[in-house]
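The values are calculated or read from the model by the stated rules, or taken from the named source; none is laboratory data. None of these values were measured; they are calculated from a predicted model. Cβ atoms come from the backbone with ideal geometry, glycine included; neighbour counts cover every protein chain shown.
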Amino acid sequence: MTPSIASKYGGTALVLVSLLGAFTNLREAGAAYQTLAEEIQWALHAGDGKTRTERLNTVAKIYPSSPVPLILLGEEYEKLGKTRSAIDVYEKAVGQKLSCILCHEKLGKLLIKMGQIEEGESHLRDAKQIPEGGES
């Protein structure tokens, strides 16, 4: 399953799907991990960006403890040029998992790109302060 996501959607999707196992509650519940990975694959295989965002929204609601669907949703919004929606989603992901390095990095970089330098740099600093064993 993961290789097909990686080949179609690149390294970020591969990293995010592999990170699913890092979330203790999902790793302990193997069936939930497998189901979430399948739901993400279903969402990413939608034909267009609008459908992918709708599906990723659905997956995010089903798995509110995982920031992974939100990170992918933010990326889709960025591809569609919906920067404000991407920022909102990344902020929600950070709120769900304060120890998510990738959540802080994506939010920080996008905020800086949008001219919100101080806030963006704050998130990048937060990402660097998360211990190496924290969630990526």
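Some observations on this one:
- Sole residue being of a type outside the set (D, E, K, R) and at pLDDT below 90, chosen from I117, I112, I130: I130
- Helices (runs of 4 or more DSSP H) (entirely within the range 65-136) containing at least 1 residues that are in contact with an Asp or Glu (Cβ under 7 Å, 6 or more places away or on another chain) and free of Cβ contacts under 8 Å to residues at least 60 places away in the same chain: 83-96, 101-113, 117-129
- Residues that are under 12 Å from the mean Cα position of the chain (by Cα) and either closer than 12 Å to G74 by Cα or among the acidic types (D, E) (or both) within the range 103-134 comprise C103, E105, K106, L107, listed in sequence order.
One line per residue, one yes/no per condition, for (1) more than 20 Å from D126 (Cα to Cα); (2) surrounded by 22 or more Cβ atoms within 10 Å (Cβ to Cβ):
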{"position": "P64", "(1), (2)": "yes, no"}
{"position": "P69", "(1), (2)": "yes, yes"}
{"position": "L98", "(1), (2)": "no, no"}
{"position": "G108", "(1), (2)": "no, yes"}
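- Counted residues, the range 40-86 - those being under 18 Å from C100 (Cβ atoms) and of a type in the set (G, A, S): 5
- Test: P3 is at pLDDT 85 or above and either surrounded by 14 or more Cβ atoms within 10 Å (Cβ to Cβ) or assigned to a helix (DSSP H, G or I) (or both): no
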